[in-house]
Amino acid sequence: MSLAVLNSRALSGMQAPQVTVEVHLANGLPSFTIVGLPETEVKESRDRVRAALQNAGFEFPARRITVNLAPADLPKESGRFDLPIALGILAASGQMPGARLDEYEFAGELSLSGELRPVRGALAMTFAMSRAGSGRRQRGFILPRASADEAALVSDVPIFPADTLLQVCAHFAAPDEDARLARHVATPRAQRAAYPDLADVKGQAQAKRALEVAAAGGHSVLMVGPPGTGKSMLAARFPGILPPMSDDEALESAAVQSLTSGFSSAQWKVRPYRHPHHTASGVALVGGGGTPRPGEISLAHRGVLFLDELPEFNRSVLEVLREPLESGRITISRAARQADFPAQFQLIAAMNPCPCGYLGHASKPCRCTPDGIARYQGKISGPLLDRIDMQIQVGALPQEELLKPSAGESSACVAERVMHATAAQRARQGKQNHLLSAAEIDLHCKPDDDGEQLLRTAMARLNWSARAYHRVLKVARTIADLDKANVIGKSHVAEAIQYRRALRE
């Protein structure tokens with residue numbers, strides 16, 4: 001047989017479309033051509049495959065070899081097609097039986113010695129295989145052993161890991177089942193992340209309470225205060241009080257991490273915590289590139305994105321956060337392709353109140369001019385600030401409080417209250433409070449008469465937008481959930497209004 005056909009997968013954003021690898025051997029001058037819109041990494045497969053076959057003891061055919069990666073209009077990247085190309089050459093030249101190749105899909109990069117190296121996006125590929133296999137017999141997936149744990153998180157796809165090209169060939173040549181590749185079954189266990197404890201932070205009772213409310217309702221937070229008051233410490237401890245991840249949330253998060261080769265089984269059900277430096281570009285934050293990759297906001301999906309020194313970020317970089325904060329997704333459009341990534345992250349931001357940092361400090365005077373303060377705070381646009389649910393002041397602690405031993409609540413105690421409040425929200429409306437639509441807010445977030453009167457007064461005095469009004473109601477609903485109250489009362493509304501402090505104008 002001079003033609004072999006195998007199946008593999010490409011990556012296009014979060015999708016993994018099927019790719020048919022066709023290998024044809026013809027008479028003529030020896031050559032090796034790969035067609036089907038291959039990028040540089042795929043074109044380099046020719047040299048890797050040739051060396052791997054020869055070093056594994058096979059004969060490399062001195063014929064005209066044509067490899068077609070279909071569909072031809074789908075860009076192909078990375079070395080994941082090395083393994084199916086090599087197997088196609090062996091099957092087309094008669095060095096390996098090809099009768100059962102259609103029962104599997106293949107992905108793997110080859111070393112020159114024939115060993116298999118891990119591939120990016122293994123979990124995304126098994127997700128796509130699972131969806132495509134409904135209603136017919138599910139194909140198996142042969143891939144490098146280093147990628148097997150990740151791929152096997154999708155339990156209904158048979159995973160067959162291999163270490164070398166020779167093991168894959170033996171799987172098809174073996175006469176009995178015992179000599180073939182064994183199916184891999186992942187047993188992921190929820191890991192207890194070693195987050196620092198909230199009890200380490202001295203004082204700052206109001207800030208801790210605000211973070212508890214934010215964790216219970218999924219709200220975004222901006223902390224404003226002088227340097228050294230504990231803003232970064234609080235943010236680092238925030239993931240430790242979030243509710244546990246469900247299986248679906250863990251799979252979503254793992255699938256995004258898989259696209260950058262950043263996932264390991266040790267991170268299963270551990271909420272991501274991303275904290276990019278303020279010199280990060282817009283592409284680094286939202287994703288992009290010629291072949292679109294996820295950025296920090298997508299890598300923080302179902303976790304926390306911490307932006308320290310918020311005004312030091314380029315304003316154009318911050319503005320790209322506006323749509324993802326509302327929609328929970330980001331679409332990256334390029335001339336040749338478009339990619340859609342999830343971005344349902346919880347934003348925690350921190351900033352100083354002025355360039356010198358000591359505006360409002362009890363003992364250190366501020367040296368900034370009013371114009372300088374206005375320019376500094378003006379780096380954060382009104383539309384972005386309007387999308388941040390909670391804005392709190394983190395003041396400097398008195399010296400005597402710093403000298404006292406820490407006596408605050410542990411993260412475990414706060415996390416238990418957060419878990420119960422989140423469970424109440426899911427039982428009532430099927431989602432956390434920050435995801436409520438306008439119609440759902442009218443249904444679930446109606447305050448009592450005293451609370452409504454206080455809300456009307458605050459709206460008139462503070463000149464809120466409709467978005468700000470809805471966000472205050474959602475925060476008040478979360479506060480009521482923490483108090484195990486069915487109706488939003490005046491005290492809940494009052495506390496929510498306190499978390500809506502605007503920066504100095």
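Between Ile488 and Asp448, the built amide H atoms are under 5 Å apart, and every one of these is 5 or more places off in sequence or on another chain. Net charge dipole, segment 1-133: roughly 60 debye, given to the nearest 20, about the Cα centre with Cβ charges of +1 for Lys and Arg and -1 for Asp and Glu.
Pairs from the table (Lys76/Lys269; Lys208/Lys490; Lys379/Lys446; Lys379/Lys474) lying more than 24 angstrom apart at Cα are Lys76/Lys269; Lys379/Lys446; Lys379/Lys474.
Where only protein heavy atoms count, and the probe is 1.4 Å, what is the accessible area per residue for segment 451-505 in Å²? Each step should come with its number before you reach the end.
Numbers: 2940 Å² over 55 residues.
Using a 1.4 Å probe on heavy atoms only, each residue of segment 451-505 averages 53 Å².
Projecting each Cα onto the charge dipole of the chain (Lys/Arg +1, Asp/Glu -1 at the beta carbon, about the Cα centre), which of Leu385, Ile330, Leu3 comes out farthest on the positive side? So the residue we want is Leu385. The stretch between Leu443 and Arg209, if pulled fully straight at 0.36 nm per residue, gains 81.6 nm over its current Cα-Cα span. Listed values (i) 41, 27, 18; (ii) 37, 25, 23; (iii) 54, 23, 21 include one computed from this model; for semi-axes √(5λ) of the Cα gyration tensor in Å that value carries the label (iii).
Hey, with R₀ at 60 Å, roughly what FRET efficiency would Ala407 and Ala51 work out to, going by the Cβ-Cβ distance, to 0.05?
With a Förster radius of 60 Å, E is 0.40.
Ligands, DNA and RNA are left out, and with a 1.4 angstrom probe the accessible area of segment 1-159 is 39 Å² per residue.
Each peptide among 124-131, 56-63, 100-107 gets the average number of other Cβ atoms lying within 10 Å of its residues, and from highest to lowest they stand as 124-131, 100-107, 56-63. Surface composition of the chain: carbon and sulfur atoms hold 50% of the protein heavy-atom accessible area at a 1.4 Å probe. Expressed to the nearest 5 percent, the antiparallel share of DSSP beta bridges inside the chain is 45 percent. Taking all protein chains into account, the per residue accessible area for segment 279-437 stands at 46 Å² (1.4 Å probe). If a spin label sat at a point 7 angstrom from the Cα of Leu74 along the line to its beta carbon, the backbone N atoms of segment 262-297 nearer than 17 Å would be those of 291-292.
The alpha carbon centroids of segment 30-61 and segment 275-321 are separated by 38 Å. Using the Cβ-Cβ distance between Ser31 and Thr331 with R0 = 41 Å, the FRET efficiency computed as 1/(1 + (r/R0)^6) comes to roughly 0.50. For segment 205-282, a crude dipole built from +1 on the beta carbon of Lys and Arg and -1 on the beta carbon of Asp and Glu, taken about the Cα centre, is about 400 debye to the nearest 20.
Using the average count of surrounding beta-carbon atoms within 10 Å as a protection proxy, the listed peptides 466-479, 253-266 rank, highest first, as 466-479, 253-266.
For the peptides 448-460, 304-316, 376-388, residues were scored by their other Cβ atoms within 10 Å and the scores averaged per peptide; the highest-first order is 304-316, 376-388, 448-460. Evaluated with a Cβ-only charge set (Lys, Arg +1; Asp, Glu -1), the chain carries a dipole of roughly 740 debye about its Cα centre, given to the nearest 20. Across the options Ala438, Leu454, Ala466, the greatest Cα extent toward the positive end of the charge dipole of segment 434-505 (unit charges at beta carbon of Lys, Arg, Asp, Glu) belongs to Ala466.
In sequence order, segment 307-321 has phi-based couplings of 10, 8, 6, 3, x, 7, 5, 4, 4, 5, 5, 5, 5, 6, 7 Hz under the Karplus curve 6.51 cos²θ - 1.76 cosθ + 1.60, θ = phi - 60°, and Gly or Pro positions carry x. With a Förster radius of 45 Å applied to the C-beta separation of Ser155 and Leu3, the computed FRET efficiency comes to 0.85.
In the chain, helical runs assigned H by DSSP with n ≥ 4 each contribute -39500 (n - 2.57); averaged across all residues and rounded to the nearest 500, the mean residue ellipticity at 222 nm is -10500 deg cm²/dmol.
The values are calculated or read from the model by the stated rules, or taken from the named source; none is laboratory data. These numbers were taken from a predicted model, which means no experiment stands behind them. Don't worry about glycine lacking a Cβ; one is built from the backbone with ideal geometry, like all the others, and counts go over all protein chains shown. Side chains are part of the model used for accessible areas, which takes the heavy atoms of the whole protein and leaves out ligands, DNA and RNA. Shrake-Rupley method; radii C 1.70, N 1.55, O 1.52, S 1.80 Å.
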